[in-house]
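Below is one structure, written out as structure tokens, with a few remarks after it.
The values are calculated or read from the model by the stated rules, or taken from the named source; none is laboratory data. Here the structure is a predicted model, which means the values were calculated and not measured. No Cβ is skipped: glycine too gets one built from the backbone with ideal geometry, and neighbour counts run over all protein chains shown.
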Amino acid sequence: MKTDLKWFKSSYSGSQGGECLEIAIPQTTSLPTIHIRDSKTPNAPTLTIARATWAAFLPYAVAVGSRQPNPH
């Protein structure tokens, strides 16, 4: 696991815990990847995907999320 990454959660994640993902986006263009991990187990293996894959996923996630009731 990369230790030089700065991890963050979505602004939609509450402080109650639960099922949250964290992502890290390397600031260097030599690492064109997005890193994803479970916030409850930060030392577990992470998922690494291409930035283009993440960019293609985001519109879908926004569309699906806008159809869900906001728990906050």
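For the reader, a short list of remarks on this structure follows.
- Residue list for region 38-60, filter: part of a strand (DSSP E or B) and loosely packed, with under 10 Cβ neighbours inside 10 Å: none
- When ALA63 is tested against (1) touching a Phe, Trp or Tyr at 6+ places or on another chain (Cβ under 9 Å); (2) modelled with pLDDT under 90; (3) not in a loop (DSSP other than H, G, I, E, B), only condition (1) is not met.
- Contact map, region 47-72: first residue under 28 Å from SER30 (Cα atoms), second residue among the polar types (S, T, N, Q) and modelled with pLDDT of 85 or more, Cβ cut-off under 6 Å, separation 6 or more or different chains; pairs are THR48/THR33.
- Pairs, first over 14 Å from LEU5 (Cβ atoms) in region 33-46, second in a loop (DSSP other than H, G, I, E, B) and among the hydrophobic types (A, V, I, L, M, F, W, C), C-beta under 7 Å, six or more apart: ASP38/ALA44
- Restricting region 1-37 to residues that are part of a loop (DSSP other than H, G, I, E, B) and within 14 Å of TRP54 (Cβ to Cβ) leaves a set whose member that is modelled with the lowest pLDDT is LEU31.
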